[in-house]
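K.L.:
Just passing along the structure, written as structure tokens.
The values are calculated or read from the model by the stated rules, or taken from the named source; none is laboratory data. Owing to the predicted nature of the structure, the values given are computational and were not obtained by experimental measurement. Glycine also receives a Cβ, built like all others from the backbone with ideal geometry; neighbour counts cover every protein chain displayed.
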Amino acid sequence: MTIAVLVKPNTPETEAERRDVLAAAQATGQQLLLFDASTEPEIATAFKSAAQRGAGALLVGSGPFFNSQREYIVSRAARYALPAMFNIAEAVAAGGLISYGTSLTDAYRQAGIYAGRILKGEKPADLPVMQPTKFDLIINLKTAKALGLTVPPNLLALADEVIE
């Protein structure tokens, strides 16, 4: 299967995302179509090109730009009947197929713990860098049905949330 990947160019996370996605595709034998997009018209062009080139799925990159464009991206994915995966739950609530990413609830909890430690007198420079430890898998069954997809029961069992 060919997978389209939508990334925003010239951001700190983009190069790491490109590298990681390319390595994963090479390890699994998947073909990728990488598209840079930093405007709505570029997103529209990426979808059109992905469809013309036979993409069977879409992976949306991270960052605030794609978060702010989630509803537009979801509408384009529906228009082209392209299953779309995101790293934010809000995109799945908006109609995206699936998301897997850092639990924002847990991240906010960790931020609160840090704020508490600082307010109690600890120096921010002395606090360790925290990495996310909880990730959420969210699946939109309504979108899967609209795309004619069957989500395996074992994947549903792993999901933190299923939207019906």
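K.L.:
Quick one: what pairs do we get from segment 26-49, first residue within 17 Å of residue 81 (Cβ to Cβ), second in a helix (DSSP H, G or I) and β-branched (Val, Ile, Thr), C-beta under 9 Å, 6+ apart or different chains?
P.N.:
Listed by first residue and then by second, the contacts come to 43/73; 47/73.
K.L.:
Residues in segment 94-106: is at least one assigned to a helix (DSSP H, G or I), at pLDDT 95 or above and in contact with a helix residue (DSSP H, G or I) (Cβ under 7 Å, 6 or more places away or on another chain)?
P.N.:
Within segment 94-106, the first condition is being assigned to a helix (DSSP H, G or I), and the residues that meet it are 104-106.
Retained after the next criterion (residues that are at pLDDT 95 or above): none.
Among the residues of segment 94-106, not one is assigned to a helix (DSSP H, G or I), at pLDDT 95 or above and in contact with a helix residue (DSSP H, G or I) (Cβ under 7 Å, 6 or more places away or on another chain), which makes the answer no.
K.L.:
Given the criterion surrounded by fewer than 15 Cβ atoms within 10 Å (Cβ to Cβ), touching a residue at least 40 places away in the same chain (Cβ under 8 Å) and either over 27 Å from residue 156 (Cα atoms) or within 14 Å of the chain's Cα centre (by Cα) (or both), identify the matching residue among 13, 17.
P.N.:
The conditions single out 13.
K.L.:
If the Cβ limit is 9 Å and pairs must be 6+ apart or interchain, which residue in segment 148-161 that is closer than 22 Å to residue 81 by Cβ and of a type in the set (S, T, N, Q) pairs with which residue that is at pLDDT 95 or above and in a helix (DSSP H, G or I)?
P.N.:
Listed pairs, sorted by first residue: 150/144.
Residue-wise test of (1) surrounded by fewer than 15 Cβ atoms within 10 Å (Cβ to Cβ); (2) under 22 Å from residue 18 (Cα atoms).
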residue	(1), (2)
35	no, yes
45	yes, yes
51	no, yes
86	no, yes
108	yes, no
143	no, no
